[in-house]
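> Take this structure, written in structure tokens, and hold onto it; I'll ask about it next.
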Amino acid sequence: MKQIFQGDILLIEDINLPVLVVSKDFFNKSGEIIVCPIYKQGEPGPLHIEIQTMKTKGLVHCEKMKLFDMCIRGFSKIDRIGMDKIIDISDAVQGIFDYV
């Protein structure tokens, strides 16, 4: 299986939207990844983070996390976001689980 990194944008077999890998690299080595879908339209907000790269533009919906076992799914890497956006999105995901 190809290595998958936090910040990669993937197309996953049988999933209609591109997804952003939000789980850390050490977790991804297990063969499972946590992703958030990227929607082309919508309104930006605290949990809907806008991204734009050469190939991908849309809103990452941080509240719609999914776990996928990549050992049984086909996928292709189509793009990658920069560290500044990875930090923004990781902060939003973490904010969902904060105590207060």
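The values are calculated or read from the model by the stated rules, or taken from the named source; none is laboratory data. None of these values were measured; they are calculated from a predicted model. Here the Cβ positions follow ideal geometry from the backbone for every residue, glycine too, while neighbour counts run over all protein chains shown.
> Which of (1) free of Cβ contacts under 8 Å to residues at least 60 places away in the same chain; (2) among the polar types (S, T, N, Q); (3) surrounded by fewer than 18 Cβ atoms within 10 Å (Cβ to Cβ) does Asn28 not meet, given it meets every other one?
Of (1) free of Cβ contacts under 8 Å to residues at least 60 places away in the same chain; (2) among the polar types (S, T, N, Q); (3) surrounded by fewer than 18 Cβ atoms within 10 Å (Cβ to Cβ), only one is false for Asn28: (3).
> Which of the residues spanning region 34-56 are surrounded by 14 or more Cβ atoms within 10 Å (Cβ to Cβ) and either within 8 Å of the chain's Cα centre (by Cα) or under 18 Å from Phe97 (Cβ atoms) (or both)?
Within region 34-56, Ile34, Val35, Cys36, Pro37, Ile38, Leu47, His48, Ile49 meet the criteria.
> While we're looking at this one, here's another question. Within region 74-94, how many residues are among the hydrophobic types (A, V, I, L, M, F, W, C), within 13 Å of the chain's Cα centre (by Cα) and not in a helix (DSSP H, G or I)?
2
Yes or no, residue by residue, for (1) of a type in the set (Lys, Arg); (2) in contact with a Lys or Arg (Cβ under 9 Å, 6 or more places away or on another chain):
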| position | (1), (2) |
| --- | --- |
| Val19 | no, yes |
| Asp25 | no, no |
| Ser30 | no, no |
| Gly42 | no, no |
| Pro46 | no, no |
| Cys71 | no, no |
| Arg80 | yes, no |
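> In region 57-71, which residue that is hydrophobic (A, V, I, L, M, F, W, C) and assigned to a strand (DSSP E or B) is farthest from Glu13 (Cα to Cα)?
Leu59
> Same structure, new question: Suppose the filter is of a type in the set (Phe, Trp, Tyr) and surrounded by 10 or more Cβ atoms within 10 Å (Cβ to Cβ); does Phe97 pass it?
When the stated conditions are applied, Phe97 does not pass them.
> If you don't mind, another one. Quick check on this structure: which one of Asp8, Asp69, Asp98 is out of contact with any Gly (no Cβ under 9 Å at 6 or more places or on another chain) and at pLDDT 95 or above?
Every option except Asp8 fails the conditions.
> Where residues in region 5-15 are more than 20 Å from Gly82 (Cα to Cα) and touching a Pro at 6+ places or on another chain (Cβ under 9 Å), which of them is surrounded by the fewest Cβ atoms within 10 Å (Cβ to Cβ)?
Here the answer is Ile15.
> Can you find a residue in region 67-77 that is among the β-branched types (Val, Ile, Thr) and in contact with a strand residue (DSSP E or B) (Cβ under 6 Å, 6 or more places away or on another chain)?
no
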